[in-house]
There are 4 protein chains.
Amino acid sequence: MAGNTYGTLFRITTFGESHGEALGGIIDGCPAGIALDFEAIQKEMQRRKPGQSAIVTQRKEEDAVQFLSGIFEGKTTGTPIGFIVPNTNQKSDDYSHIKDTYRPSHADYVYEQKYGIRDYRGGGRSSARETASRVVAGAIAKQAMPEIKINAFVSSVGDIFIDKPYQALDFSLTESNAVRCPDQATAEKMEAYIKEIRKEGDTVGGTVTCVIQNVPIGLGEPVFDKLHAELGKAMLSINAVKGFEYGSGFCGAKMKGSEHNDLYNPDGTTKSNLSGGIQGGISNGMDIYFRVAFKPVATIMQKQEVLDNKGNIAEQQGKGRHDPCVVPRAVPIVEAMTAIVLLDFFLRK
Amino acid sequence: MAGNTYGTLFRITTFGESHGEALGGIIDGCPAGIALDFEAIQKEMQRRKPGQSAIVTQRKEEDAVQFLSGIFEGKTTGTPIGFIVPNTNQKSDDYSHIKDTYRPSHADYVYEQKYGIRDYRGGGRSSARETASRVVAGAIAKQAMPEIKINAFVSSVGDIFIDKPYQALDFSLTESNAVRCPDQATAEKMEAYIKEIRKEGDTVGGTVTCVIQNVPIGLGEPVFDKLHAELGKAMLSINAVKGFEYGSGFCGAKMKGSEHNDLYNPDGTTKSNLSGGIQGGISNGMDIYFRVAFKPVATIMQKQEVLDNKGNIAEQQGKGRHDPCVVPRAVPIVEAMTAIVLLDFFLRK
Amino acid sequence: MAGNTYGTLFRITTFGESHGEALGGIIDGCPAGIALDFEAIQKEMQRRKPGQSAIVTQRKEEDAVQFLSGIFEGKTTGTPIGFIVPNTNQKSDDYSHIKDTYRPSHADYVYEQKYGIRDYRGGGRSSARETASRVVAGAIAKQAMPEIKINAFVSSVGDIFIDKPYQALDFSLTESNAVRCPDQATAEKMEAYIKEIRKEGDTVGGTVTCVIQNVPIGLGEPVFDKLHAELGKAMLSINAVKGFEYGSGFCGAKMKGSEHNDLYNPDGTTKSNLSGGIQGGISNGMDIYFRVAFKPVATIMQKQEVLDNKGNIAEQQGKGRHDPCVVPRAVPIVEAMTAIVLLDFFLRK
Amino acid sequence: MAGNTYGTLFRITTFGESHGEALGGIIDGCPAGIALDFEAIQKEMQRRKPGQSAIVTQRKEEDAVQFLSGIFEGKTTGTPIGFIVPNTNQKSDDYSHIKDTYRPSHADYVYEQKYGIRDYRGGGRSSARETASRVVAGAIAKQAMPEIKINAFVSSVGDIFIDKPYQALDFSLTESNAVRCPDQATAEKMEAYIKEIRKEGDTVGGTVTCVIQNVPIGLGEPVFDKLHAELGKAMLSINAVKGFEYGSGFCGAKMKGSEHNDLYNPDGTTKSNLSGGIQGGISNGMDIYFRVAFKPVATIMQKQEVLDNKGNIAEQQGKGRHDPCVVPRAVPIVEAMTAIVLLDFFLRK
């Protein structure tokens, strides 16, 4: 019960189904006196929105945020920020074909088993549309910590990946292409591949890498609320995420201590940074970086077996919207959750 | 502040430094009426304990748990279970050599930066010794859900890994060798490699895989407290962990939707299980499995540069105890945190 | 930071200022499958609404709840219930006269000191209008526990009080008069007195008593989350509340143990019930009853000294709406918070 | 489930039964670098201890606190402070006579109903002995905020009460008599009365008043976590408490707004302080004061009817220790919980 809140002092609680009237949330604990840049918030919403380019999807969502409280004369007041994001075209869709069926690798079946009832329209609460509310909160959290730089980007799509360390990338190029990959050559390969996948009516997974710079020393609370443990939970709570690693990650598991240890400079910085900016669960002032794995989304435009609530297996042709690769859209969501986690630790410090 | 508690209804709070008088914890929310098997608890403590075999370490720890409350005539009473694990030999060690120095990739530096003070003896609070308290709580959580089978094992050490799906393994063999790898041939290679590493005074990382069987449908709370998000946080809160993946994990990020989707059987089970037993954050009754990456521990018995609190870099020869590969000892800890997470979701259901 | 959420498993988070666009909230953890009676919810909103009769106030509020999520085909789905209550006439009021002034015994001054900024319109977040969101959540909580009977009523206004034990009252009469006092003779005196107070442009305090019947044994969690401790917190979080007592309350502090002890009947019920249905923080199945003290609201229609933000004291004539006695309107709020507390303990059990 | 923790950032979790091996707790979130005065802590333990004088009780408790972690070279380190208080004479008592019986107005019956099992020795977890752990945490919290002055005292016993405002009292006299009443004449009457009650084998209730001075402006979090709401919960969580009021309290419910409003001085202080130092849930810098009602404890040395677990009513003669009036011992507990609440809000600010 009650899993729709994230955070201790900076808290976001979200509500809303894919095809209900609106989704939204309450941001509690936002520091007072921040002059909000509403355009910047809306820009983040546009980044998350489906239908941004030929490679992604066709749904036209307005995703216009309406703030209802907690802001006075353009500034945060320290009281909770309530907001809604209306679902403008929810009535136009027909979901009767999935009313009694459970699509493979969707949450249809488990929701019905857990709750005995489900809003089957467009995935209901399990739809990634819920992340719109997170993006609002994250955009505000970013504005509360302007000194910290959070840059996420697509680091792989299928087998195509950026073959460079993040230090060799120019993050200002991330938004210059539809896949949000700051390495232009790789981006082109990814785009071509996604178009191909889309023609097949299929989908493909990928990874998002996130780099946080200019982090103060001391964020994170031992022992259970380690900084990377909360970042991991936050990322794993995003739809379609299957894995999280930070610093040396799974590669680190193959290394020797003599290779892995980050030797110090006299000023307390380290020569290497396999620790990923976090030691003992606490930020050490170096860059924090982590990588998040997204599975291919389950909605494909091919014929597929589905189960119905009578126990019958039948073939069903996928229809409706189709996002061949969600990873580009996941970039602003990863950034948003990162900002939420960091601001919460800032306030707990 | 205040990061030493895990859980919502079943909660473990731990305390204790490596070389203080004792460590321990409070288990709150344990269901009443469970007839505890104290030998089984102590056995889990032995599994976690350093010094179990030639390949691991030399410290002799008793790790005898003393229960102080919450148990009456052998049964849990529903009131909090307080317990301590005395540190029997903490006085015999000499840690003055690290008093003013920060060892690379340890938490020495960040603790001192964050708190302005640190208990430098043996890593203090950042020592993995803290996990002894988790093992106590996990052992009790296991006994509260006897029907659920939790089996963790070492799946890789350095570059050596089990080249089989978990279904091909016999978990009853995990404890038959010192590395806790149920595949005997692989276990032998791992043992040989760890002995070599030890001779070098070095350490090596590895991975632990955990398989949970006989899980009821419906555990996990959307949207932030997804079952795998909490499992991920719990694992990432264990010392030395750098990554977490469940089901298809990072491999899933390379796949197509048409390959990745788990088709249903008429009874609601699935033919494949790339979802890893969790869909939309909720258990679907299939096996849950995940993999955890551990870095090589930072304490090595080689000469290494350290930083002191005056900003000087100096060489220091590692001394004291040395654990060439912590992954075997991590197995019971992974199981313990898994049990804690599951029982909490059981009670929240 | 972050004090706008109540509850552990059944949680209500509220947002909204008195004169913002809307207030509202998110109800998380509501059990699935409850067929909601929307009329009953709206009826509770009407009970809370100002302007219900000649004795109270003039503001016309629609207080129409709009549900945005968590409900499908009339039933709760187990996902969070987001809702808003638009502030229909917030633009018509003029609050410029209090922009730079702090009214006595209002929260104007402390909000500005704490946050450095405040929404001065109508009290902003500190307005009792926030309780509208609580009433929505409480109305739903009541429907989730139809067997439990929660009856609050006005037990005193100024010096006028009901001179009978609650057992002698007919709760079905509570709504039969404007003061919500089930004792008709006392109600008449109260009404007359409130009218007099209103003519003076003054206000008066009072008490609300709440009786909970048909409570199962075992609600409440020792030691900090005792049932009466949470009821107390919930009541004290309502605007204008100055005190809380349950069972024998402050009178009990004058008694001897030999008078106060509740002797048992063979079935586990007790002959007397000075314990107020709670022993050791846990419900014992007997009636729970408690009393809540409300101060006279600070907004009076008389000349009064105010402080401005330059440190000047000046006289100001109260204007705008005026509620001579809030206690009748507090009755549904007390019931709502009671239902919220009880449902949360039900789910934690 | 899981109600044994109090606080958000400064958290105390307690464990322990009256007659188990030890009770204790974990203090999490204590700021680092506080040089603890251990004598002062032990002095608070002595104040809480039964058997301090002829008027109270005979039990000899050592109540020596043993700190196990979180302190290094006399200073707090920011890590959790684990501590135990051994129960030195728990074995010498014979509780077999209450094994199968439920004493009136004790928690025996509800614990057994709720948990299906109970540690019947001396009240088990429901014993006021648990408050020893709170006193430890409170004593440390006090030392973390040395500027704040917290003074509790006995304001009434039975019908005998201090007939003066707290401003007329000299708090330095509180400890000068056995009843902890700073008004010497009243104290004498109370003592005489308690001795009489004791001879009768009876008990009597009373009230404790607490005054907090030198509080900074801005503590408390609207709307649910109002400062007085948390103080109320904290007090109501203490054994035997039946009521809480702050500022004007229940008397305020009889007043008119024109009498009750606290007019400002130019510096933001107020001429009167019926608000009790808290407005809108936030401290305003004025003295905070509140009053707590304690019932007469249920253990009396007279013949009384008890219920047994077969449904029989029988007479039983009270035996064992007997505390005719717990209110003097409650004084340090009230102060401890006050300090815990305040420090938590300090850190949340």
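The values are calculated or read from the model by the stated rules, or taken from the named source; none is laboratory data. In this text the structure is predicted, and so the values were computed from the model without any measurement. Note that each Cβ is placed from the backbone with ideal geometry, even for glycine, and that neighbours are counted across all protein chains shown.
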Requested in this report: State the number of residues belonging to the range D:8-55 that are facing another protein chain (nearest Cβ under 9 Å) and either under 25 Å from B:PHE67 (Cα atoms) or hydrophobic (A, V, I, L, M, F, W, C) (or both).
Outcome: 21
Report summary line: Counted residues in the range A:231-244 being facing chain B (nearest Cβ under 7 Å) and part of a strand (DSSP E or B) come to 3
Report task. Might you check whether a residue that is surrounded by fewer than 19 Cβ atoms within 10 Å (Cβ to Cβ), among the charged types (D, E, K, R), at pLDDT 95 or above and assigned to a strand (DSSP E or B) occurs anywhere in the range A:73-95? Result -> yes
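Would you mind stating whether A:LEU173 is of a type outside the set (Val, Ile, Thr), at negative phi and touching a helix residue (DSSP H, G or I) at 6+ places or on another chain (Cβ under 7 Å)?
Values: of a type outside the set (Val, Ile, Thr): yes; at negative phi: yes; touching a helix residue (DSSP H, G or I) at 6+ places or on another chain (Cβ under 7 Å): yes.
It is true that A:LEU173 is of a type outside the set (Val, Ile, Thr), at negative phi and touching a helix residue (DSSP H, G or I) at 6+ places or on another chain (Cβ under 7 Å).
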Query raised in the report: Within the range B:188-205, is there a residue that is more than 7 Å from chain A (Cβ to nearest Cβ), surrounded by fewer than 24 Cβ atoms within 10 Å (Cβ to Cβ) and not in a helix (DSSP H, G or I)?
Result: yes
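Go through the range A:275-285 and give me each residue that's without any contact (Cβ under 8 Å) to a residue 24 or more places away in the chain and aliphatic (A, V, I, L, M). Write out each step before concluding.
Of all residues in the range A:275-285, those without any contact (Cβ under 8 Å) to a residue 24 or more places away in the chain come to A:279.
Result: no residue meets the conditions.
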Report summary line: Out of (1) farther than 30 Å from C:GLY280 by Cβ; (2) among the basic types (Lys, Arg); (3) assigned to a helix (DSSP H, G or I), the one C:ARG118 does not meet is (3)
**Report entry** Search result, residues across the range D:311-343 that are charged (D, E, K, R) and closer than 28 Å to C:LYS233 by Cβ
**Finding:** D:ASP323, D:ARG329, D:GLU335
Requested in this report: For the range D:212-221, state whether one or more residues are crowded, with 24+ Cβ neighbours inside 10 Å and either facing chain C (nearest Cβ under 7 Å) or polar (S, T, N, Q) (or both).
Outcome: yes
Report task. Grab the strands (runs of 3 or more DSSP E) fully contained in the range A:279-349, keeping just those with 3 or more residues being more than 10 Å from chain B (Cβ to nearest Cβ) and either more than 30 Å from B:TYR111 (Cβ to Cβ) or of a type in the set (D, E, K, R) (or both). Result -> A:313-317
Requested in this report: Hey, can you tell me all the residues within the range C:26-53 that are in contact (Cβ under 8 Å) with a residue 60 or more places away in the chain and either more than 20 Å from the chain's Cα centre (by Cα) or under 17 Å from A:GLY7 (Cβ atoms) (or both)?
Outcome: C:GLY29, C:CYS30, C:PRO31, C:ILE34, C:LEU36, C:ASP37
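If you check C:THR57 against the conditions, is it at pLDDT below 95 and of a type in the set (Val, Ile, Thr)?
Numbers: at pLDDT below 95: yes; of a type in the set (Val, Ile, Thr): yes.
Yes, satisfied.
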Report summary line: Out of (1) modelled with pLDDT under 95; (2) at the interface with chain C (Cβ under 7 Å from one of its Cβ atoms); (3) touching a Lys or Arg at 6+ places or on another chain (Cβ under 9 Å), the one D:GLY247 does not meet is (1)
Report summary line: If we keep only residues of the range C:158-179 that are in contact with a Ser or Thr (Cβ under 8 Å, 6 or more places away or on another chain) and within 19 Å of C:GLY205 (Cα to Cα), then the residue surrounded by the most Cβ atoms within 10 Å (Cβ to Cβ) is C:ILE160
Query raised in the report: Of everything in the range D:112-148 that's modelled with pLDDT under 95 and hydroxyl-bearing (Ser, Thr, Tyr), which residue is farthest from the chain's Cα centre (by Cα)?
Result: D:TYR120
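The rows are residues; the columns are (1) over 30 Å from C:ILE282 (Cα atoms); (2) of a type in the set (Ser, Thr, Tyr); (3) in contact with a Pro (Cβ under 7 Å, 6 or more places away or on another chain).
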{"site": "D:PRO182", "(1), (2), (3)": "yes, no, no"}
{"site": "D:ALA192", "(1), (2), (3)": "yes, no, no"}
{"site": "D:LYS199", "(1), (2), (3)": "yes, no, no"}
{"site": "D:THR203", "(1), (2), (3)": "no, yes, yes"}
{"site": "D:THR209", "(1), (2), (3)": "no, yes, no"}
{"site": "D:ILE217", "(1), (2), (3)": "yes, no, no"}
{"site": "D:LYS226", "(1), (2), (3)": "no, no, no"}
{"site": "D:ILE238", "(1), (2), (3)": "no, no, no"}
Report summary line: Exactly one of C:ALA128, C:ALA132 is among the small types (Gly, Ala, Ser), more than 9 Å from every other protein chain (Cβ to nearest Cβ) and in contact with a strand residue (DSSP E or B) (Cβ under 8 Å, 6 or more places away or on another chain), and that residue is C:ALA132
Query raised in the report: D:LYS271 passes all but one of (1) more than 23 Å from D:LYS199 (Cβ to Cβ); (2) out of contact with any strand residue (DSSP E or B) (no Cβ under 6 Å at 6 or more places or on another chain); (3) facing chain C (nearest Cβ under 7 Å); which number fails?
Result: (3)
Report summary line: When (1) in contact with an Asp or Glu (Cβ under 8 Å, 6 or more places away or on another chain); (2) farther than 25 Å from A:GLY7 by Cα; (3) surrounded by fewer than 22 Cβ atoms within 10 Å (Cβ to Cβ) are applied to A:LYS254, the one that fails is (3)
Query - Filter result (assigned to a loop (DSSP other than H, G, I, E, B), hydroxyl-bearing (Ser, Thr, Tyr) and more than 23 Å from B:THR79 (Cβ to Cβ)) within the range C:257-278 - result: C:THR269, C:SER272
**Report entry** Of residues in the range A:23-54 being surrounded by fewer than 21 Cβ atoms within 10 Å (Cβ to Cβ), within 30 Å of A:SER96 (Cβ to Cβ) and of a type outside the set (S, T, N, Q), the one modelled with the highest pLDDT
**Finding:** A:MET45
Query - Hits in the range B:117-133 (condition: surrounded by 24 or more Cβ atoms within 10 Å (Cβ to Cβ) and more than 20 Å from B:GLU175 (Cα to Cα)) - result: B:ARG118, B:ASP119, B:GLY123, B:GLY124, B:ARG125, B:SER126, B:ARG129, B:GLU130, B:SER133
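Being of a type outside the set (A, V, I, L, M), closer than 20 Å to C:ASN151 by Cβ and surrounded by fewer than 19 Cβ atoms within 10 Å (Cβ to Cβ) is true for just one of C:ASN265, C:ASN284, C:ASN312, C:ASN273. Which residue is that?
Working: C:ASN265 fails: closer than 20 Å to C:ASN151 by Cβ; C:ASN284 fails: surrounded by fewer than 19 Cβ atoms within 10 Å (Cβ to Cβ); C:ASN312 fails: closer than 20 Å to C:ASN151 by Cβ.
Step by step, each of C:ASN265, C:ASN284, C:ASN312, C:ASN273 is checked, and only C:ASN273 is of a type outside the set (A, V, I, L, M), closer than 20 Å to C:ASN151 by Cβ and surrounded by fewer than 19 Cβ atoms within 10 Å (Cβ to Cβ).
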Query - Scan of the range A:102-118 for residues that are more than 9 Å from chain B (Cβ to nearest Cβ) and free of Cβ contacts under 8 Å to residues at least 40 places away in the same chain, ordered by number - result: A:GLY116, A:ILE117, A:ARG118
Requested in this report: Among the numbered conditions (1) under 21 Å from A:PHE244 (Cα atoms); (2) of a type in the set (D, E, K, R); (3) without any contact (Cβ under 8 Å) to a residue 40 or more places away in the chain, tell me where A:LYS99 comes up short.
Outcome: (1)
Requested in this report: Considering each of A:GLU112, A:GLU147 in turn, give the residue that is surrounded by fewer than 23 Cβ atoms within 10 Å (Cβ to Cβ) and either assigned to a loop (DSSP other than H, G, I, E, B) or on the phi > 0 side of the Ramachandran plot (or both).
Outcome: A:GLU147
Query - Test: residue in the range D:273-287 that is hydroxyl-bearing (Ser, Thr, Tyr), over 21 Å from D:ALA339 (Cβ atoms) and at pLDDT 95 or above - result: yes
